[in-house]
Amino acid sequence: HRLTSAVNYNYYTDFPDTLNNYENMWPGFPVSAGQTSERIVWSNSLRSTLGRNLVNEFRVGYSSSPVKFFDELNLGLYTGSLANQGGRNIQFPTVGSALTGPGANNPNPQSRNASDLTFDNNLTWLKGNHNITAGASWSSFNVWLKNSQLVPRIQFSLIQSDPAAAVFSAANLRAATGVTPSNAQLTAARNLFALLTGRVSSVGGQATLNEDTGTYEYMGIATQRSQMQEGGFYLQDSWRVKPNVTINAGLRYTLQLPFVAKNNFYSTTTLEDLCGPSGVNPEANGCNLFRPGDMPGKAVSQFYALEEGKHAYNTDWDNFGPNVGLAWTPARRDGFLGALMSDELVIRAGWARAYSREGMGVFTGQYAANPGGTMTLTRNVANNNLLPAGSPGFVLLRNESDLGAPSFAERPSYPLTDLVSQDIRLFDPNIQIPSADSWSFGFQRKLSTNMAVEVRYVGTNSRDAWTSRNYNEINIFENGFLDEFRRAQANMQANIAAG
């Protein structure tokens, strides 16, 4: 028995993080931050000789890579005696050109980690002319991500209801300066006045779902947790049929369990909700698009909670990966062919099928984009929630009571109704695990004691490769737009011809 262990550890730190513009924007200003990360890998193996022709090897390995971005940011950097921003991130407007604000434009501390725990066992058995190997493995991939918007973002400009907006007209500025201002100069003047007098046009914040209480918190931390597991087994034989012929053949089975959430942050939907009024077209395995007037689907699309432990799609069970290979050294012969095809020549050929696993970011990026885990809470004129009751038509930075969060729900109430501007993201419920078929054929010929030539052909064909299908396509055919466009072209040509 032989036990082997190995550990690798790397630590990285960078302060301030100039790559992401988190250095001090002005000398002595406190808002700055960096990033740190660790790379941790360890593995253990136990190799056991169980007999003259039987060897077993058991392995367990683990990898982890936690990283923190801007961990030094805290509320105190925005409330101190120097560059006090009142616990908010003040963003300066453009006044002719961009103005450098007192800190990074997006104070969003975040951290994440992806870990992998793998077990596998391999048994090798020498039996006569056979070298038989068999094994099994199991892997668990886990990811957590934490994102936050540390403080609300404040923006300045003159809004239409502000009495001062009428002062900044082309006529008034022309009377004051003798020069007619351009639109860009008018905008610059308005923005400068709004900045100097603290006229707020937007308070941008967010609410995130607390994973412990299930309720929304204003300016809280959004925590995502998810997992995928994968396992399988294989049997392989390298058979020495003759001294000059070897056949390799085997079969591997891969079971890849679907992506699952480890808390209640994510939401999902159904194919019926994704297709909306168009309805589902079973023949096309998609939506019933480009059929004007034919709308058998749901009038309102909805989102549903992707509950902890629930599979995001159905399990694909039939992932068998066979492989076969041949190595042949022709027997010595007389004549020209004998000189070419002697025992100095080896011919090889093979074919194999292998399955792949998508990265965890493919899943977290899609489900995190669905609503539920995070709510954008912006106060502005467009949302009709900027001005408090009794306002003179503007909001000033000095009035703390006017800069709070807008009202929002205590917790998500599923099913959620889709917003007009909200994307709907979904994985095909019956999606298949991607695989690839690879084959090769070639020969190798010895030319001298220290030289050989090899010619080989290799081919690969992917199957069930994943891609994004965007149903927000523009229809110019069935709705008649193309025909109308051609009629308009014909009318233009007729007018040109008629002078």
Number of positions in the range 371-404 that are touching a Leu at 6+ places or on another chain (Cβ under 8 Å) and open to solvent by less than 40 Å² (accessible area, probe 1.4 Å):
9
Just a yes or no: is a residue in the range 87-108 open to solvent by 20 Å² or more (accessible area, probe 1.4 Å), among the aromatic types (Phe, Trp, Tyr) and within 30 Å of Arg398 (Cβ to Cβ)?
yes
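Looking only at the range 424-454, which residues are closer than 30 Å to Leu257 by Cβ and hydroxyl-bearing (Ser, Thr, Tyr)? Write out each step before concluding.
First pass over the range 424-454, keeping only residues closer than 30 Å to Leu257 by Cβ: 424-439.
Residues satisfying the conditions are Ser435, Ser438.
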The residue that is most open to solvent (accessible area, probe 1.4 Å), considering only those in the range 448-467 that are part of a loop (DSSP other than H, G, I, E, B) and within 30 Å of Asp428 (Cβ to Cβ), is Thr467
Do we have any residue at all in the range 27-43 that's in contact with a helix residue (DSSP H, G or I) (Cβ under 6 Å, 6 or more places away or on another chain) and either closer than 21 Å to Lys146 by Cα or polar (S, T, N, Q) (or both)?
yes
Filter result (part of a loop (DSSP other than H, G, I, E, B) and modelled with pLDDT of 95 or more) within the range 319-350
Asn319
Are any of the residues in the range 395-415 part of a strand (DSSP E or B), under 30 Å from Leu271 (Cβ atoms), within 28 Å of the chain's Cα centre (by Cα) and hydroxyl-bearing (Ser, Thr, Tyr)?
no
Looking only at residues that are in contact with a Lys or Arg (Cβ under 6 Å, 6 or more places away or on another chain) and hydrophobic (A, V, I, L, M, F, W, C) in the range 118-155, which one is farthest from Gly232 (Cα to Cα)?
Ile154
Pairs only if they're at least six apart or on different chains, beta carbon under 7 angstrom, first in the range 265-294 and over 30 Å from Asn147 (Cα atoms), second of a type in the set (Ser, Thr, Tyr); list them, first residue then second.
Gly276/Ser301; Cys287/Ser278; Cys287/Tyr471; Asn288/Ser278; Leu289/Ser278; Leu289/Tyr471
Anything in the range 109-119 that is under 21 Å from Gln206 (Cβ atoms) and open to solvent by 30 Å² or more (accessible area, probe 1.4 Å)? List them, or say none.
Gln110, Arg112
Qualifying residues in the range 296-309 (those that are more than 23 Å from the chain's Cα centre (by Cα) and surrounded by fewer than 14 Cβ atoms within 10 Å (Cβ to Cβ)) - the one farthest from Gly372 (Cα to Cα):
Pro296
Can you pull out the residues in the range 247-269 that are open to solvent by 50 Å² or more (accessible area, probe 1.4 Å) and within 18 Å of Ala312 (Cβ to Cβ)?
Lys262, Asn264
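Quick one: which of Leu73, Leu19, Leu46 is part of a loop (DSSP other than H, G, I, E, B) and surrounded by fewer than 16 Cβ atoms within 10 Å (Cβ to Cβ)? Spell out the reasoning first.
Working: Leu73 fails: surrounded by fewer than 16 Cβ atoms within 10 Å (Cβ to Cβ); Leu46 fails: part of a loop (DSSP other than H, G, I, E, B).
Leu19 is the lone residue from the list that is part of a loop (DSSP other than H, G, I, E, B) and surrounded by fewer than 16 Cβ atoms within 10 Å (Cβ to Cβ).
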Within the bounds of the range 420-434, is there any residue that is at pLDDT below 90, polar (S, T, N, Q) and open to solvent by 80 Å² or more (accessible area, probe 1.4 Å)?
yes
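Matching residues to (1) of a type in the set (Phe, Trp, Tyr); (2) modelled with pLDDT of 95 or more; (3) open to solvent by less than 50 Å² (accessible area, probe 1.4 Å); (4) in contact with a strand residue (DSSP E or B) (Cβ under 7 Å, 6 or more places away or on another chain):
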position	(1), (2), (3), (4)
Asn122	no, yes, yes, yes
Thr133	no, yes, yes, yes
Phe156	yes, yes, yes, yes
Ala176	no, no, no, no
Ser182	no, no, no, no
Thr187	no, no, no, no
Among the residues of the range 6-35, write down those that are in contact (Cβ under 8 Å) with a residue 40 or more places away in the chain and over 15 Å from Lys68 (Cα atoms).
Asn21, Met25, Trp26, Gly28, Phe29, Pro30, Val31
Given (1) part of a strand (DSSP E or B); (2) farther than 30 Å from His130 by Cβ; (3) free of Cβ contacts under 8 Å to residues at least 40 places away in the same chain, identify the lone condition not met by Ser63.
(3)
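The values are calculated or read from the model by the stated rules, or taken from the named source; none is laboratory data. From a predicted model like this one, the values you see are computed outputs, not experimental measurements. Here the Cβ is made from the backbone with ideal geometry for all residues, glycine too, and neighbour counts use every protein chain on show. Areas reflect the complete protein model, heavy atoms only, side chains present, ligands, DNA and RNA absent. Shrake-Rupley method; radii C 1.70, N 1.55, O 1.52, S 1.80 Å.
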